[in-house]
Amino acid sequence: AAWALYDQARALGPFDVVEAADWGIPGLPWILTGEVPVLVRCHGSAGQIAIHERDPGLMPIDQLLLSVERSLFARAAGMASYGAANAAQWSGWIGRECAHREPALPLSPQAAVGDADWYLVLARVQRWKGPQVLGAALEAMPAPPSVRWVGRDVPDADAGGRSTLASMRREYPHGWGRLIERRETVDSALAAQWTQAARGVV
(Lines give C-alpha, C1' and ligand atoms only; values in the text may rest on other atoms or scores of the structure.)
Protein backbone atom coordinates (compact mmCIF):
# COMPACT_ATOMS: atom_id res chain seq x y z
CA ALA A 1 0.00 0.00 0.00
CA ALA A 2 2.85 2.39 0.86
CA TRP A 3 4.51 1.78 -2.51
CA ALA A 4 1.21 2.25 -4.37
CA LEU A 5 0.62 5.58 -2.61
CA TYR A 6 4.21 6.57 -3.35
CA ASP A 7 3.74 5.89 -7.07
CA GLN A 8 0.58 8.01 -7.16
CA ALA A 9 2.01 10.83 -5.06
CA ARG A 10 5.15 11.18 -7.17
CA ALA A 11 2.98 12.24 -10.11
CA LEU A 12 1.93 15.28 -8.06
CA GLY A 13 5.49 16.36 -7.25
CA PRO A 14 8.19 17.44 -7.12
CA PHE A 15 8.26 18.00 -3.35
CA ASP A 16 10.62 19.81 -1.01
CA VAL A 17 9.79 17.56 1.93
CA VAL A 18 7.40 14.69 2.68
CA GLU A 19 5.64 14.33 6.02
CA ALA A 20 4.36 10.86 6.83
CA ALA A 21 2.52 9.40 9.80
CA ASP A 22 4.19 6.50 11.58
CA TRP A 23 1.20 4.16 11.60
CA GLY A 24 1.37 1.66 8.75
CA ILE A 25 4.78 3.04 7.68
CA PRO A 26 3.49 4.95 4.61
CA GLY A 27 6.77 6.86 4.49
CA LEU A 28 8.78 3.69 3.82
CA PRO A 29 9.34 4.25 0.05
CA TRP A 30 10.24 7.91 0.50
CA ILE A 31 12.81 7.09 3.15
CA LEU A 32 14.31 4.15 1.22
CA THR A 33 14.61 6.04 -2.07
CA GLY A 34 16.03 9.16 -0.42
CA GLU A 35 14.48 11.45 -3.05
CA VAL A 36 13.43 14.12 -0.56
CA PRO A 37 13.80 14.69 3.19
CA VAL A 38 11.12 12.86 5.17
CA LEU A 39 9.61 13.97 8.46
CA VAL A 40 7.96 11.13 10.37
CA ARG A 41 5.10 12.36 12.55
CA CYS A 42 4.68 9.95 15.45
CA HIS A 43 1.15 9.40 16.74
CA GLY A 44 1.30 5.73 17.76
CA SER A 45 2.82 3.27 15.31
CA ALA A 46 1.49 -0.20 14.53
CA GLY A 47 4.52 -1.61 16.34
CA GLN A 48 3.80 0.47 19.43
CA ILE A 49 0.17 -0.64 19.39
CA ALA A 50 1.26 -4.29 19.19
CA ILE A 51 3.27 -3.83 22.41
CA HIS A 52 0.11 -2.81 24.23
CA GLU A 53 -2.16 -5.58 22.97
CA ARG A 54 -3.57 -7.58 25.84
CA ASP A 55 -2.07 -10.94 24.84
CA PRO A 56 1.39 -11.51 26.38
CA GLY A 57 4.31 -11.42 23.98
CA LEU A 58 4.41 -10.29 20.39
CA MET A 59 3.68 -12.26 17.27
CA PRO A 60 6.63 -12.68 14.84
CA ILE A 61 5.01 -10.21 12.41
CA ASP A 62 4.82 -7.63 15.22
CA GLN A 63 8.48 -8.16 16.08
CA LEU A 64 9.34 -7.71 12.41
CA LEU A 65 7.24 -4.57 12.17
CA LEU A 66 8.91 -3.05 15.23
CA SER A 67 12.34 -3.78 13.77
CA VAL A 68 11.40 -2.28 10.42
CA GLU A 69 9.93 0.82 12.04
CA ARG A 70 12.93 1.49 14.25
CA SER A 71 15.56 0.96 11.57
CA LEU A 72 13.53 2.84 8.97
CA PHE A 73 12.61 5.87 11.09
CA ALA A 74 16.23 6.23 12.19
CA ARG A 75 17.03 7.00 8.53
CA ALA A 76 14.40 9.74 8.17
CA ALA A 77 15.48 13.37 8.01
CA GLY A 78 13.51 14.03 11.19
CA MET A 79 10.96 12.68 13.64
CA ALA A 80 8.47 14.65 15.70
CA SER A 81 5.57 13.93 18.03
CA TYR A 82 2.88 16.04 19.68
CA GLY A 83 3.36 13.96 22.85
CA ALA A 84 6.41 14.39 25.08
CA ALA A 85 6.28 10.79 26.32
CA ASN A 86 6.01 9.45 22.78
CA ALA A 87 8.93 11.59 21.62
CA ALA A 88 11.05 10.34 24.52
CA GLN A 89 10.19 6.70 23.78
CA TRP A 90 11.17 7.01 20.13
CA SER A 91 14.36 8.90 21.00
CA GLY A 92 15.37 6.00 23.22
CA TRP A 93 14.51 3.39 20.61
CA ILE A 94 16.36 4.89 17.65
CA GLY A 95 19.28 6.56 19.44
CA ARG A 96 18.59 10.03 18.03
CA GLU A 97 16.18 12.83 18.80
CA CYS A 98 12.50 12.56 18.09
CA ALA A 99 11.47 16.16 18.65
CA HIS A 100 8.52 17.10 20.84
CA ARG A 101 6.49 19.72 18.98
CA GLU A 102 3.25 21.22 20.23
CA PRO A 103 0.33 21.37 17.76
CA ALA A 104 0.51 24.38 15.44
CA LEU A 105 -3.01 25.50 16.31
CA PRO A 106 -3.38 27.05 19.77
CA LEU A 107 -5.36 24.99 22.26
CA SER A 108 -7.47 26.73 24.87
CA PRO A 109 -7.07 25.36 28.42
CA GLN A 110 -9.98 23.23 29.56
CA ALA A 111 -10.88 21.84 32.93
CA ALA A 112 -10.83 18.04 32.90
CA VAL A 113 -12.86 17.63 36.06
CA GLY A 114 -16.44 18.83 36.30
CA ASP A 115 -19.34 18.21 38.62
CA ALA A 116 -21.45 15.88 36.47
CA ASP A 117 -22.38 12.45 37.83
CA TRP A 118 -20.82 10.62 34.85
CA TYR A 119 -17.37 9.98 33.40
CA LEU A 120 -16.28 10.40 29.77
CA VAL A 121 -14.24 8.31 27.33
CA LEU A 122 -13.34 9.54 23.84
CA ALA A 123 -11.90 6.52 22.01
CA ARG A 124 -12.68 3.69 19.64
CA VAL A 125 -14.27 0.61 21.20
CA GLN A 126 -11.18 -1.51 20.65
CA ARG A 127 -9.57 -4.01 23.02
CA TRP A 128 -6.16 -2.35 23.25
CA LYS A 129 -7.88 0.87 24.36
CA GLY A 130 -9.18 -0.97 27.43
CA PRO A 131 -12.97 -1.30 27.20
CA GLN A 132 -12.67 -4.63 29.01
CA VAL A 133 -10.73 -2.98 31.86
CA LEU A 134 -13.48 -0.40 32.32
CA GLY A 135 -16.14 -3.08 31.99
CA ALA A 136 -14.55 -5.25 34.66
CA ALA A 137 -14.08 -2.27 36.99
CA LEU A 138 -17.72 -1.23 36.70
CA GLU A 139 -18.88 -4.81 37.30
CA ALA A 140 -16.79 -4.98 40.50
CA MET A 141 -17.75 -1.63 42.03
CA PRO A 142 -20.51 -1.62 44.66
CA ALA A 143 -21.86 1.76 43.49
CA PRO A 144 -20.55 2.22 39.93
CA PRO A 145 -20.94 5.53 38.10
CA SER A 146 -22.34 5.94 34.62
CA VAL A 147 -19.99 6.51 31.69
CA ARG A 148 -20.39 8.20 28.33
CA TRP A 149 -18.21 6.53 25.70
CA VAL A 150 -17.86 8.27 22.34
CA GLY A 151 -16.17 6.27 19.60
CA ARG A 152 -16.81 3.89 16.77
CA ASP A 153 -17.03 0.15 17.20
CA VAL A 154 -14.26 -1.87 15.54
CA PRO A 155 -13.91 -5.60 14.77
CA ASP A 156 -12.85 -7.80 17.67
CA ALA A 157 -9.96 -10.10 16.73
CA ASP A 158 -10.76 -12.23 19.78
CA ALA A 159 -14.27 -12.88 18.43
CA GLY A 160 -13.47 -13.70 14.83
CA GLY A 161 -13.70 -10.11 13.65
CA ARG A 162 -17.17 -9.47 14.98
CA SER A 163 -18.15 -6.35 16.91
CA THR A 164 -16.02 -5.40 19.93
CA LEU A 165 -19.05 -3.62 21.38
CA ALA A 166 -21.07 -6.85 21.16
CA SER A 167 -18.22 -8.71 22.87
CA MET A 168 -18.12 -6.14 25.68
CA ARG A 169 -21.88 -6.32 26.23
CA ARG A 170 -21.69 -10.10 26.35
CA GLU A 171 -18.68 -10.21 28.71
CA TYR A 172 -19.76 -7.29 30.95
CA PRO A 173 -23.57 -7.14 30.76
CA HIS A 174 -23.99 -4.73 33.66
CA GLY A 175 -21.15 -2.34 32.80
CA TRP A 176 -21.45 -2.31 29.02
CA GLY A 177 -25.10 -3.21 28.95
CA ARG A 178 -26.43 -0.65 31.43
CA LEU A 179 -23.84 1.77 32.80
CA ILE A 180 -22.00 2.79 29.63
CA GLU A 181 -23.88 4.99 27.18
CA ARG A 182 -22.09 4.83 23.85
CA ARG A 183 -22.34 7.14 20.87
CA GLU A 184 -20.62 6.65 17.55
CA THR A 185 -19.60 10.31 17.35
CA VAL A 186 -20.45 13.80 18.58
CA ASP A 187 -19.41 17.16 17.15
CA SER A 188 -16.31 18.83 18.53
CA ALA A 189 -18.24 21.55 20.39
CA LEU A 190 -20.24 18.95 22.33
CA ALA A 191 -17.09 16.91 22.99
CA ALA A 192 -15.44 19.99 24.48
CA GLN A 193 -18.54 20.72 26.57
CA TRP A 194 -18.66 17.16 27.86
CA THR A 195 -14.94 17.21 28.65
CA GLN A 196 -15.46 20.21 30.91
CA ALA A 197 -18.62 18.82 32.51
CA ALA A 198 -17.52 15.22 33.18
CA ARG A 199 -16.53 14.11 36.67
CA GLY A 200 -13.44 12.65 35.05
CA VAL A 201 -12.05 11.85 31.62
CA VAL A 202 -10.74 8.30 31.21
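The alpha-carbon positions of region 16-98 define a convex hull whose volume is 85 Å³ per residue. Segment A4..E97, full-extension length gain: 30.5 nm, with 0.36 nm per residue of separation and the alpha-carbon distance subtracted. The sum of -39500 (n - 2.57) across all DSSP H runs of n ≥ 4, divided by the residue count of the chain, sets its helix-only mean residue ellipticity at 222 nm to -10500 deg cm²/dmol.
For S67, the accessible surface of its heavy atoms amounts to roughly 70 Å² (probe 1.4 Å, protein chains only, rounded to the nearest 10). Distance distribution P(r), region 1-43, all Cα-Cα pairs, bin width 5 angstrom from 0: 5, 24, 37, 25, 7, 1 percent. Between A140 and R162, what is the label-point separation in nm under the 7 Å Cα-to-beta-carbon projection? That separation, rounded to one decimal, is 2.6 nm. Simple spin-label estimate for V186 and A74 gives 4.5 nm between the two label positions (7 Å along the Cα-to-Cβ direction from each Cα).
Taking one equal scatterer on every alpha-carbon of region 83-151, how large is log10 of I(q)/I(0) by Debye at q = 0.23, 0.24, 0.27 1/Å? For region 83-151 at q = 0.23, 0.24, 0.27 Å⁻¹, log10 I(q)/I(0) is -1.04, -1.06, -1.14. Size of region 1-146: Rg and Dmax of its alpha carbons, in Å, are 19.2, 62. The H on the amide N of S146, modeled in the peptide plane, is under 5 Å from the matching H of Y119, each at least 5 residues off or on a different chain.
Taking amide H as placed 1.01 Å from N in the peptide plane, M79 has its amide H under 5 Å from the amide H of V40, A99, each at least 5 places away in sequence or on another chain. Remark on region 79-202: Rg and Dmax equal 17.3, 49 Å (Cα only).
The values are calculated or read from the model by the stated rules, or taken from the named source; none is laboratory data. Bear in mind the structure is a predicted one, so any value in this text is a computation, not a measurement. Positions of Cβ are backbone-derived with ideal geometry, glycine not excepted, and every protein chain shown enters the neighbour counts. For the accessible areas, the whole protein counts, side chains as well, though only heavy atoms, and no ligand, DNA or RNA atoms are used. Shrake-Rupley method; radii C 1.70, N 1.55, O 1.52, S 1.80 Å.
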